[in-house]
Amino acid sequence: MTPSQYTPEEPISSIATALAPAALGIVRTSGKDCIELVSRIFSRPKALLEAPGNTLVYGWIVEDAGKEKVDEVVCAVYKAPKSFTGEDMVEIFCHGGPAVVTAIQKLLLKSGFRQANRGEYTFRAYINGKTDLTKAEAVKEIIDSHTDVSRSHAAGRLSGSLFEEIDSIKKLIIDTLAEIEVEIEYPEDEETIADTFDRKDIELAVSRLQSLADSWKSEKLYQDGARVVLAGRTNAGKSSLFNAILKEERAIVSDIEGTTRDWLESWASINGIPVRLFDTAGLRQTDDVIEAQGVQISRNLVQDADVVLYLVDGREGMNDEDKAFIEKCTEPLIVVFTKADLAQTAVEGTVSISAKTGVGMSELYTKISEILLEGVSTERQQAGLGSARQKESVCEALECVKHALVSADDNYTLDAVVQDLEDALDYLGEVTGDVTPDDVLGSIFANFCVGK
């Protein structure tokens, strides 16, 4: 969905909740005449049409001119511009069965609505000035967040923290531009170009833009997560640790060697950091063709890992096969001695745990976090970048502002400094959506679900 494809106020509808059995389902509508169109399939059309904005109306969804009842519902009525999209909206709260919400959506389409495109509601909110791009992207971040920390970061952007920081930096640049424009119009005898404006604002803009650019590495980690792979010989306790981290029985645990022949994967939280946790087949030589394939997959997963947890059975200790793997492993590695409740094996530089009792788990989480956060600022800033697109634009703006200072120091013309600062403003405008090409908008909103 891009501006060139956008039909202002065209009535749209979509199912906003998952098509799965649930207590409630929501069907969302927006656009010109949407209240009147919904009233055509509502048991109390007059009540709906006369309802003030931000009110609820009880009734039934009906078809065949009211002869057949479809479902008992509550309609939430919103009047432009006081709505999410800035248009008239009706949200229908019905029972959550897939057949019910699907039937209501089909009736709405017959009544004159068009099926909403992916992200079209948020896109309309952006087009109608109800939100900026940083907040729009934060909506998708919240939906996709895997931990409370990642959700909290996205919520900060949704509340406007990033927009406010960008706006504040733009003001520093605009104030400096104003000083320079005055000097261009009313030149005085200055020794150098640098003397024509106060450098402090631009230097502060450089510092704050650099902080924003640096925030992306941390934000990306909390958004995308990291790959943590459990590896080790058979019966080392990988599946037990997998279950312990997830706090549920996902992997089959058995004393029989080679129980895990394929790999399992699930999202988990390690001290607030989202990780994709992989339980893999035990590493050993085997004549079993299927198990051998699992072993090879395990080795491939290890090569793509951000952190490898190599497990050693604490009762048996480390053998030559373990030592060979550890020496050859080029990925960040933590050696974990398992079954601490049954053995007291301890080797310097390793972690001893019991998946059964929880002993050593806190230390293991700390070591994983230290590796993942290496080179990442752990100092939480008020604002952080939420996408690679934002990071690219902020870095471009940073280079422009830096170049403006260099131009001033090298005694370039004032016009050259002005051009650098105006280019910086354009790049910052791309972050918030003041200046954004259509293809960028299409890329952003195409990744939303149809209900947003």
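The values are calculated or read from the model by the stated rules, or taken from the named source; none is laboratory data. Predicted model, so just to flag it, every value in this text is computed and none were measured. Quick reminder, even Gly has a Cβ in these numbers, built from the backbone with ideal geometry, and neighbours come from all protein chains shown. Remember, those area values only see protein heavy atoms, side chains included, never the ligands or the DNA or RNA. Shrake-Rupley method; radii C 1.70, N 1.55, O 1.52, S 1.80 Å.
Look at the range 95-110: where a residue is at pLDDT below 95 and a partner is among the hydroxyl-bearing types (Ser, Thr, Tyr), sitting 6+ places away or on another chain with Cβ atoms under 8 Å, you get Gly96/Thr17. Considered as a group, the residues in the range 415-448 that are β-branched (Val, Ile, Thr) and either closer than 21 Å to His403 by Cβ or modelled with pLDDT under 85 (or both) include one that is most open to solvent (accessible area, probe 1.4 Å), and that residue is Val435.
Under the condition of being of a type in the set (Gly, Ala, Ser) and part of a loop (DSSP other than H, G, I, E, B), the residues counted in the range 406-434 number 1. Name the single residue that is surrounded by the most Cβ atoms within 10 Å (Cβ to Cβ) among those in the range 203-242 being outside any helix (DSSP H, G or I) and charged (D, E, K, R). Here the residue is Arg233.
Criterion first (among the small types (Gly, Ala, Ser), in a loop (DSSP other than H, G, I, E, B), crowded, with 18+ Cβ neighbours inside 10 Å and free of Cβ contacts under 8 Å to residues at least 60 places away in the same chain) does Ser393 satisfy it? In short, no.
Tallying residues that are in contact with a Phe, Trp or Tyr (Cβ under 7 Å, 6 or more places away or on another chain) and open to solvent by 40 Å² or more (accessible area, probe 1.4 Å) within the range 40-61 yields 2. Cβ-Cβ below 7 Å, separation at least six or inter-chain, first residue in the range 47-67 and small (Gly, Ala, Ser), second open to solvent by 40 Å² or more (accessible area, probe 1.4 Å): which pairs? Sorted first by the residue in the range 47-67, then by its partner, the pairs are Gly53/Tyr78; Gly53/Lys79; Gly53/Lys82; Gly59/Ser43; Gly59/Arg44; Gly66/Ser43.
This table checks each residue for (1) open to solvent by 20 Å² or more (accessible area, probe 1.4 Å); (2) farther than 30 Å from Gly375 by Cβ; (3) among the hydrophobic types (A, V, I, L, M, F, W, C); (4) touching a Gly at 6+ places or on another chain (Cβ under 8 Å).
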{"position": "Tyr310", "(1), (2), (3), (4)": "no, no, no, yes"}
{"position": "Gly314", "(1), (2), (3), (4)": "no, yes, no, no"}
{"position": "Ala324", "(1), (2), (3), (4)": "yes, no, yes, no"}
{"position": "Cys329", "(1), (2), (3), (4)": "yes, no, yes, no"}
{"position": "Leu333", "(1), (2), (3), (4)": "yes, no, yes, no"}
{"position": "Thr338", "(1), (2), (3), (4)": "no, no, no, yes"}
{"position": "Ala343", "(1), (2), (3), (4)": "no, yes, yes, yes"}
{"position": "Thr350", "(1), (2), (3), (4)": "yes, no, no, no"}
{"position": "Ile353", "(1), (2), (3), (4)": "no, no, yes, yes"}
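Looking across the range 91-112 at every residue that is in contact with a strand residue (DSSP E or B) (Cβ under 6 Å, 6 or more places away or on another chain) and of a type in the set (Val, Ile, Thr), the one that is most open to solvent (accessible area, probe 1.4 Å) is identified as Val100.
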